[in-house]
């Protein structure tokens with residue numbers, strides 16, 4: 001979880017509180033300001049989630065490219081390979 005997600009959630013909650021307080025006091029200005037802060041928090045939180053997802057994908061790609069998967073030959077494969085080598089050599 002990154003900084004944007006945390007800050008976004010804090011703004012979202014603060015906006016909800018401010019909007020609710022505006023509703024209780026019949027203050028339309030506070031309601032609008034709270035709703036705006038809430039939207040800003042939701043956007044920042046979504047941005048943080050996108051950054052986390054991108055980092056996660058990049059980390060997985062780095063791990064995959066660091067070491068390619070290895071195939072362990074079984075006994076049947078080695079016999080087939082030996083036969084092919086014999087045939088190709090003549």
Out of all the residues in segment 58-83, which are surrounded by 10 or more Cβ atoms within 10 Å (Cβ to Cβ), under 25 Å from residue 2 (Cα atoms) and modelled with pLDDT of 70 or more?
58, 59, 60, 61
List the number of the failed condition for residue 4; all other conditions in (1) surrounded by fewer than 17 Cβ atoms within 10 Å (Cβ to Cβ); (2) at pLDDT below 95 hold.
(1)
Filter pass, residue 7 being assigned to a helix (DSSP H, G or I) and without any contact (Cβ under 8 Å) to a residue 12 or more places away in the chain
no
Answer residue from segment 40-57, given it is under 13 Å from residue 12 (Cβ atoms) and under 9 Å from the mean Cα position of the chain (by Cα) and is surrounded by the fewest Cβ atoms within 10 Å (Cβ to Cβ) among those:
49
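The values are calculated or read from the model by the stated rules, or taken from the named source; none is laboratory data. Every value quoted in this text rests on a predicted model; they were computed, and no experiment measured them. Neighbour counts run over all protein chains shown; Cβ positions are idealised from the backbone, glycine included.
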